[in-house]
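A short write-up of the structure that comes next.
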Amino acid sequence: MTITEPLASLSYSAFDQGRSPSCVLETGVLNRRQYPRAVLDIPVQFYNKEEVFSGRSLNISAEGLGVTCEGQMHAGTALDLQCAFSEMAYLHIPGHVIYCTPVKDGIYAVGIKFTSIGKRESVMLLSASKGGPHTNEIERAILRMSVSIAHAELQTRSVKPPRSCHRAHADDVRGPASPDATRRVVITGIGAIAPNGIGRKAFWKGLADGKSCVDRISFFDPSNHPSQIAAEIRDFDPLAYIPNKEIKRMGRSAHIGIAAAIQAVEDASLEFSADVRGSIGVIVGTGTSGLEYAEEDFYAMQAGGVRRMRPYAAIAGFGGALSSEISRALGLTGRSLTISTGCTGATDAMGMALNSIRHGMADIMLTGGSDACVTPGILGAFCQIGATCTSFNATPAKASRPFNKDRDGFVLGEGAWMFIFEELTHALRRGRRIYGELAGYAATCDAYHMSRPLPSGQYSAQAMRQALNDAAISAAEVDYINAYGNATRVNDSYESMVIHQVFEEHANRLMVSSIKSMIGHSIGSCGAGAVAATLMAVSEGIVPPTINYEVTDPECDLDYVPNQARVAQVKVALCNTIAFGSKNSVLILKKYDPDD
């Protein structure tokens, strides 16, 4: 073997004394940034001014190294690293910590960015006295292709290094399951059916203007409910999107979901051939879709027996109908899934769509969320658990008050937001506008309580850290958080605490806002509304406000962009969702950079 042989198919083993690197190279079109990156399992030692840490590497690239170790370090900590490939070759290079997240008891996944790249003195090749010249050639090949910072004469192609090292998933410390996971995902289409307007432009204008859409409920008489207000979509006509004969056999969540999906397709200028229709999947999230349809039939059955029920209840009264109706409306024959995890439903659906494209299952996915939950039964259920706002029935526009000390519950809302997710090179070939890049996703469960988060915030914080790791982004790079911020007494102070845990000193420099202050809480589709708002903030350079911010709470001490939108550049944003059942889900969005 010579060092000019292609190494993508090589595996390395049986290095002396059992310290054998396991190296799997990711190259070519499967690599989103076209540079060599390796999953690498070797001993690592790294030093700061006070301590020596020992661990094992996970993966390595031209700019960074992912490791596991027993020590916890703060972002920004300066280190000297030594990686032992064998008795005869090792890497010695300075770097600094960009993330540190717990994996299991006492074990941390650490991302280290190299401070010095490409210098000859960084790579030490010792004498091949114990393994012979053949072993030395293998070592040189490893250094050239998997480290990508070795001597210039060992490099065979020019590479463009990434901004940060590849992250290890905290739930898979061995690294990504497939090299396809490096494919980048961008958003090229947005559809919005919201209380503040129909269509992306109207939705965004309403947010930028700080418009409250909360009013007394008009869909039914709320007099018997403790909470009598909601953010309703009052100017939506399903006939503009759905044939009249189809409308009666599906629920309102499907009506607005189909409309938002059609808008997203049009916004992305997608044209569907038979082949394209078969390759596009639909993954959408919801919390209550189907219940709004079934609820009417339950009332009818109680009043007059089974024969008073509509014949469509069995096919419209369950959550899975939502994705099927969207697939049918657009003729999309790829996978069709509804994710119903409560308020994290749309976030989880978009995370699944992201990974579907990353892993090469599709080049385009239609995803988002829809929930039409302003009904007597759904509102009554939330009232009974004490989750809804009851103190502002007389002044509805002031009712949704995230992060205020006098907040007393969320205001129910409804809405559908759909997106076209597209693999980057596919979108570039089509020449479409890119609103932003979806770079990371993570989800955890407190496994604690069905309606209260774990007080320590441990697993909410873990979800944020894992999403940042998945996106290869440090906490200090985040500019804006679109918060869950649902205005319940517990959640807002809890979420603020978790943000402090994850971002430490940087938390005081973050912009944090809740669009629920304007459009209410649409339960399972709220994460999609947050992504739509964040994409517009990233692309337009305007951060939506938290309106009704009037009474400060010492436990909510972040910059909540109070009352008015703010002109600000947002390059990296985090969208946070929390759900009943102890669920936490997070997405990371980036401004698309053609030079990245």
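The values are calculated or read from the model by the stated rules, or taken from the named source; none is laboratory data. In this text, all values refer to a predicted model and were calculated from it rather than measured experimentally. Note that we place each Cβ from the backbone using ideal geometry, even for glycine, and neighbour counts take in every protein chain shown. The protein model used for the area step is the full one, side chains on, heavy atoms only, and it has no ligands, DNA or RNA in it. Shrake-Rupley method; radii C 1.70, N 1.55, O 1.52, S 1.80 Å.
Residue by residue through segment 275-307, note down the ones that are under 27 Å from Val531 (Cα atoms) and among the β-branched types (Val, Ile, Thr).
Val276, Ile280, Val282, Ile283, Val284, Thr286, Thr288
Looking only at segment 306-314, decide whether some residue is open to solvent by less than 30 Å² (accessible area, probe 1.4 Å), farther than 21 Å from Gly199 by Cβ and at pLDDT below 95.
yes
List every residue pair whose Cβ atoms lie under 8 Å apart, where the two residues are 6 or more positions apart in sequence or sit on different chains, the first residue falls within segment 425-450 and is touching a residue at least 60 places away in the same chain (Cβ under 8 Å) and part of a strand (DSSP E or B), and the second residue, located anywhere, is open to solvent by 10 Å² or more (accessible area, probe 1.4 Å) and among the aromatic types (Phe, Trp, Tyr).
Between residues of segment 425-450 that are touching a residue at least 60 places away in the same chain (Cβ under 8 Å) and part of a strand (DSSP E or B) and residues that are open to solvent by 10 Å² or more (accessible area, probe 1.4 Å) and among the aromatic types (Phe, Trp, Tyr), the close pairs are Gly436/Tyr592; Glu437/Tyr592; Thr444/Tyr459; Cys445/Tyr459.
Residue-wise test of (1) under 20 Å from Ala475 (Cα atoms); (2) in contact with a Pro (Cβ under 8 Å, 6 or more places away or on another chain); (3) at pLDDT below 95.
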position	(1), (2), (3)
Thr552	no, no, no
Cys556	yes, no, no
Asp559	yes, no, no
Pro562	no, yes, no
Ala565	no, yes, no
Thr577	yes, no, no
Ser585	yes, no, no
Ile588	yes, no, no
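Only one residue in Arg429, Arg433 is of a type in the set (Lys, Arg), over 27 Å from Gln569 (Cβ atoms) and more than 17 Å from the chain's Cα centre (by Cα), so which one is that?
Arg429
Quick one: Val214 ticks every box in (1) over 24 Å from the mean Cα position of the chain (by Cα); (2) within 30 Å of Ile434 (Cα to Cα) bar one, so which box is it?
Failed condition: (2).
Taking the condition of being in contact with a strand residue (DSSP E or B) (Cβ under 6 Å, 6 or more places away or on another chain) and either of a type outside the set (Lys, Arg) or surrounded by 20 or more Cβ atoms within 10 Å (Cβ to Cβ) (or both), how many residues in segment 398-436 meet it?
Of the residues in segment 398-436, 23 are in contact with a strand residue (DSSP E or B) (Cβ under 6 Å, 6 or more places away or on another chain) and either of a type outside the set (Lys, Arg) or surrounded by 20 or more Cβ atoms within 10 Å (Cβ to Cβ) (or both).
Against the condition in contact with a strand residue (DSSP E or B) (Cβ under 9 Å, 6 or more places away or on another chain) and at pLDDT 95 or above, how does Gly257 come out, does it pass?
When the stated conditions are applied, Gly257 passes them.
Within segment 279-289, is there a residue that is part of a helix (DSSP H, G or I) and not aromatic (Phe, Trp, Tyr)?
Looking through segment 279-289, at least one residue is part of a helix (DSSP H, G or I) and not aromatic (Phe, Trp, Tyr).
Out of curiosity, is Gly386 of a type in the set (Gly, Ala, Ser), at pLDDT 95 or above and open to solvent by less than 10 Å² (accessible area, probe 1.4 Å)?
Judged against the criteria, Gly386 is not a match.
Of Leu58, Leu40, Leu91, which residue is assigned to a strand (DSSP E or B) and modelled with pLDDT of 75 or more?
Sole residue among the options that is assigned to a strand (DSSP E or B) and modelled with pLDDT of 75 or more: Leu58.
Only one of (1) hydroxyl-bearing (Ser, Thr, Tyr); (2) open to solvent by less than 10 Å² (accessible area, probe 1.4 Å); (3) at pLDDT below 95 fails for Ser356. Which number is that?
Tallying (1) hydroxyl-bearing (Ser, Thr, Tyr); (2) open to solvent by less than 10 Å² (accessible area, probe 1.4 Å); (3) at pLDDT below 95, Ser356 fails exactly one: (3).
Going by the structure shown, is Phe392 among the hydrophobic types (A, V, I, L, M, F, W, C) and within 27 Å of the chain's Cα centre (by Cα)?
No.
Working carefully through the options Asp275, Asp235, find the one that is part of a helix (DSSP H, G or I) and modelled with pLDDT under 95.
Asp275
For segment 476-486, state whether one or more residues are more than 22 Å from Ser525 (Cα to Cα) and in contact with a helix residue (DSSP H, G or I) (Cβ under 6 Å, 6 or more places away or on another chain).
yes
Within segment 566-581, how many residues are polar (S, T, N, Q) and under 13 Å from Tyr494 (Cα atoms)?
Adding up the residues that qualify gives 2.
Look at Ala476 and say whether it is farther than 25 Å from Ala399 by Cα, modelled with pLDDT of 95 or more and surrounded by fewer than 21 Cβ atoms within 10 Å (Cβ to Cβ).
yes
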